[in-house]
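Trainee: This structure is in structure tokens; I'll ask about it shortly.
The values are calculated or read from the model by the stated rules, or taken from the named source; none is laboratory data. Everything numeric here is computed off the predicted structure, so don't read it as measured data. In this analysis, Cβ positions are derived from the backbone assuming ideal geometry, glycine residues included, and neighbour counts consider all displayed protein chains. Accessible surface areas use protein heavy atoms only, side chains included; no ligands, DNA or RNA. Shrake-Rupley method; radii C 1.70, N 1.55, O 1.52, S 1.80 Å.
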Amino acid sequence: MLAAAGWFVLTARQVRLTIEPAPQRVELDGPQPRLRLQGRYLLRPGTYSVQAQRPGYHPLEESFVVTRMQDNVFHFILTERPGIVRLACVGADAAEIFLPGVRVSVDGRLLGETPLEEIELDSGPHDVKLELERYRDLETQIDVEGRGRRQAVTLELQPDWADVQIETLPVSADVLIDGTSAAATPCRIELGSGPHTVELKADGFETWRRELVIVAGQPVSLTGIVLEPARARVLIETDPPEAQVLVDGAYAGLSPVEVAVEPDQDVLVQVARDGYEPERRTVTVGTGATTRVSFELTSQMGIVRLEVVPLGATLHVDGTVWGEMPPEIMLSAAPHELEFRKTGYTPVALTVRPRPGLTERVVVELQPIMTRPAGGAEGRAAGNGYPFVLIGPAAFTMGASRREQGRRSNETLRAIRLERPFLMGTREVTNEEFQAFQAEHRSGTVGTLALGGDDRPVVQVTWDDAARFCNWLSARDQLPPAYAEQQDGVTAVRPMSIGYRLPTEAEWEYAARATESGPLLKYPWGSGYPPRKKSGNFADQSASTILGRTIPDYDDGYAGPAPVASFEASVLGLYDMGGNVAEWCHDFYTIYTYDAREVAVDPMGPQRGRHHVVRGSSWRQSSISALRFSYRDYSDQTRDDLGFRICRYLTNVEASNEEQDDK
């Protein structure tokens, strides 16, 4: 026995077991013999199992291996049992009544609807959300004791409605809430918080209507309402529609229109529309009845004599092709859009309004399209390598016809003649080029989308920033500045110098819309919507995660701005005139009035203003209106989709060389 004991002492190892928190009961299984000495065990090498128990904790059963090393230390942790929560929901309007059907979510996970059985939750704080129709959502936090303990939690929901008391004379009027019949007066109804339309209807009486904004818990009283006896109504229709309507001398709107009138009395109805004979009629309508009055308007006609050179132009009237030019046409005495087209010439559009019985004379001289293709400006660049093409002289009509889909009211037609040839930047100025001027500039981000790539167009620049960049580049290339610093900011030099500047609005639109022959471009890709594949960087499907509205089934491959010149160039060698980023123009913004007799020569816009013109669509835009080349915008702020390109007039030497080249 002594030998066996000695052998055990020599071969056994000291083992220290710790368990947190301290268990009430510990059992050890494994090879025999075992000896416990003051919190330590004397165990022979081998595999053992320990079991421990403590109220409020899960039982512990773990294995461990004793090795021949001198010190064997093992640490175990008891896991708390979850707490048991019984959740009850009551309404603040009736605190003693438990609410069934309340949706209960804990820590973002839907557990079900009340009444709920006991819920097991780990100890500690938990986020609870309660949802029930007609009550406000409740988001709160509960603290669970855990360790198997039971606890009851009662939460109170606040009503999300208010009582509305309605009384009328006569009684029994039908009450409609948001167009749905709800009760008959007198009544008390509950309406949820927010806006509602209340209508009261009774036979032989006018409908009473009011817009209410219900605040939860604040009762509304609609009492003492006296319904007015029903009036007569007359429905006025005209062919064509949109004629001005007068009822007993008072303006009633554009046809078709329904007007309330005094019953059983003569009512004078008058209608008038540009280009048509005015008409009038007297009607009598009985109480509560509606009488339809229809007018078929007779056109007033006038003659328009056309004198157009060169011969052979085609005529479009209000968007409809009339074919080869007749010497004169007869039109209704209303405004009409005329457009004259001939291959190789810039189209001319104007508005005429014939006068009945008279002849209106229209004289138009079409201007040949004179452009310089990209190859004509090969090798032109600023000192920093920024490339240009030479454009002009040219004549064209800015703006859009009133009948063009997507047209905005500021796109007035204007006859333009660009007499001075100018250099236009083939692409937008990049972040790298702008940071050479202003090193601290950052174009920023949109969400996780970075806008500051070296080859991306610079954005988040003010108009003044762009003008100062032009002056900085002029100084580098020893050209006179195009802009001057004033106390209230940067202003244009007048007369304009040959230094670098932003393109005028007229230059920008002509450069964007010019074609080798035929009509001006409507969109960057041509005439129809939506855009063709890879025709520019617009709000496409790749940007759907950061933009609310995109072009269906169009993917240009870039969620934000693309590297400049990533898409096909125009016939003039220009990139991204549509798409990528919108562009600052030189001009102050204004709305021009139409004058068919006026031709603006090299216009540079008003001398003063607050906003500057912004032209061209961007990676954020997808609408028919914004993607058109005639779309006009303005701003006095920076934007994450607004950059610029630069222009300048030729020096005298350059202009002389161009004349020699032409010869």
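Trainee: Report for the chain the percent antiparallel among DSSP-assigned beta bridges with both residues inside it, nearest 5. Provide the component values of the computation, followed by the final result.
Mentor: On the way: 134 of 173 bridges.
Roughly 75 percent of the DSSP beta bridges within the chain come out antiparallel.
Trainee: Among Leu390, Gln270, Thr298, flag the residue with its Cα farthest along the positive direction of the charge dipole of segment 244-399, charges on Cβ as +1 for Lys/Arg and -1 for Asp/Glu.
Mentor: After comparing all options, I get Leu390.
Trainee: Counting heavy atoms of the protein chains only and a 1.4 Å probe, report the per residue accessible area for segment 517-663 as a whole number of Å².
Mentor: 45
Trainee: State to the nearest 20 debye the size of the charge dipole of the chain about its Cα centre, where the only charges are +1 on K and R beta carbons and -1 on D and E beta carbons.
Mentor: On the way: 68 positive and 93 negative charges, 423 e Å.
Rounded to the nearest 20 debye, it is 2040 debye.
Trainee: Along the three principal axes, how long is segment 57-209 when you take its alpha carbons, biggest first, rounded to the nearest angstrom?
Mentor: Sorted largest first, the three principal extents are 105, 26, 18 Å.
Trainee: Output the relative contact order of segment 521-628, whole-number percent, from Cα pairs under 8 angstrom with separation of 6+ residues.
Mentor: Numbers: 185 pairs, mean separation 32.7, N = 108.
The normalised contact order for segment 521-628 reaches 30 percent.
Trainee: Once you sort the root eigenvalues of the Cα gyration tensor of segment 415-573 as a ≥ b ≥ c, which label holds: rounded (a/c under 1.5), prolate (a/b larger than b/c) or oblate (the other case)? Present the calculation step by step, with values, prior to reporting the outcome.
Mentor: Values: a/c = 2.33, a/b = 1.26, b/c = 1.85.
Taking the square roots of the gyration eigenvalues as a ≥ b ≥ c, segment 415-573 is oblate.
Trainee: How far apart, in nanometres, would the label points at Thr287 and Tyr594 be if each is projected 7 angstrom from Cα along the Cα-to-Cβ direction?
Mentor: With each label point 7 Å from Cα toward Cβ, the separation is 5.1 nm.
Trainee: Let me ask something additional. What aspartates and glutamates could a cross-link reach from Lys201, if we take a straight Cα to Cα line under 12 Å and drop same-chain neighbours fewer than 8 places away?
Mentor: Cross-link targets: Asp174, Glu228.
Trainee: Taking the alpha-carbon distance from Lys533 and a cut-off under 19 Å, which aspartates and glutamates remain once sequence neighbours fewer than 8 residues away in the same chain are dropped?
Mentor: Qualifying aspartates and glutamates at Cα under 19 Å: Asp553, Asp555, Asp556, Glu568, Asp576.
Trainee: Starting from the 7 Å offset along Cα-to-Cβ, what nm value, one decimal, do you get for the label separation of Glu296 and Gln158?
Mentor: Here the modelled spin labels are 6.5 nm apart.
Trainee: To the nearest 10 square angstrom, what accessible area does Glu360 show with a 1.4 Å probe?
Mentor: About 50 Å², ignoring ligands and nucleic acids.
Trainee: Between beta-carbons, use under 10 Å as the cut-off and find the net charge around Pro45, counting Lys and Arg +1, Asp and Glu -1. Numbers along the way, then the final one.
Mentor: Details: positive: Arg13, Arg44, Arg68; negative: none.
Summing Lys/Arg as +1 and Asp/Glu as -1 gives +3.
Trainee: Can you give the relative contact order of the chain as a percent, counting alpha carbon pairs under 8 Å and 6+ residues apart? If you can, show how the numbers build up before the last one.
Mentor: On the way: 1590 pairs, mean separation 50.4, N = 663.
This gives 8 percent for the chain.
Trainee: Between the alpha-carbon centers of segment 552-602 and segment 493-526, tell me the distance in whole angstrom.
Mentor: 9
Trainee: If you keep only loop residues by DSSP, which trypsin sites (Lys or Arg not before Pro) in segment 1-89 have at most 11 other Cβ atoms within 10 Å of their Cβ?
Mentor: Working: sites: Arg13, Arg16, Arg25, Arg34, Arg36, Arg40, Arg68, Arg86; in loops: Arg68.
Filter output for segment 1-89: Arg68.
Trainee: If you don't mind, there's one more thing I want to ask. At 222 nm, what helix-only mean residue ellipticity would the chain give, in deg cm²/dmol to the nearest 500, using -39500 (n - 2.57) for each DSSP H run of four or more?
Mentor: Numbers: 6 runs with 55 residues, N = 663.
Mean residue ellipticity, 222 nm, calculated: -2500 deg cm²/dmol.
Trainee: Need the full-extension length gain, Thr515 to Arg361, defined as separation in residues times 0.36 nm minus the C-alpha distance. One decimal, nm.
Mentor: Length gained, Thr515 through Arg361: 52.4 nm.
Trainee: Could you please state, rounded to a whole Å, how far the C-alpha centre of segment 196-216 is from the C-alpha centre of segment 106-165?
Mentor: Distance between centres, Cα-based: 37 Å.
Trainee: Roughly speaking, to the nearest percent, how much of segment 572-632's 1.4 Å accessible area is carbon and sulfur? Let's see the in-between values first.
Mentor: Details: 1040 of 2260 Å².
Roughly 46 percent, rounded to a whole number.
Trainee: Related question: How much length would be gained if the chain were fully extended between Glu277 and His58, taking 0.36 nm per residue of separation minus their Cα-Cα distance, in nm to one decimal?
Mentor: Contour length minus Cα-Cα distance gives 69.3 nm.
Trainee: Something else about it: Sort the following peptides by mean Cβ neighbour count (other Cβ atoms within 10 Å, averaged over residues), highest first: 236-247, 204-215.
Mentor: 236-247, 204-215
Trainee: Let me ask something else about it. Could you give me the ³J(HN,Hα) list for segment 237-245, computed from phi with Karplus coefficients 6.51, -1.76, 1.60 and θ = phi - 60°, whole Hz, x at Gly and Pro?
Mentor: Once θ is set to phi - 60°, the couplings for segment 237-245 become 10, 9, 10, x, x, 6, 8, 6, 10 Hz.
Trainee: Taking just the alpha-carbon atoms of the chain, what radius of gyration and Dmax come out, in angstrom?
Mentor: Radius of gyration, then largest Cα-Cα span, for the chain: 41.2, 142 Å.
Trainee: A further question follows. Carbon and sulfur: what percent of segment 284-329's accessible surface (1.4 Å probe)? Working shown, then result.
Mentor: Details: 1300 of 2520 Å².
Accessible surface attributable to carbon and sulfur in segment 284-329 totals 52 percent.
Trainee: Using alpha carbon centroids, what distance separates segment 50-77 and segment 219-280, in Å?
Mentor: Segment 50-77 and segment 219-280 have Cα centres separated by 92 Å.
Trainee: Hey, another quick one. Which shape class applies to segment 17-72: rounded if a/c is under 1.5, otherwise prolate when a/b exceeds b/c and oblate if not, where a ≥ b ≥ c are the square roots of the Cα gyration tensor eigenvalues? Write out the running numbers ahead of the final one.
Mentor: Working: a/c = 2.14, a/b = 1.84, b/c = 1.16.
Here segment 17-72 falls in the prolate category.
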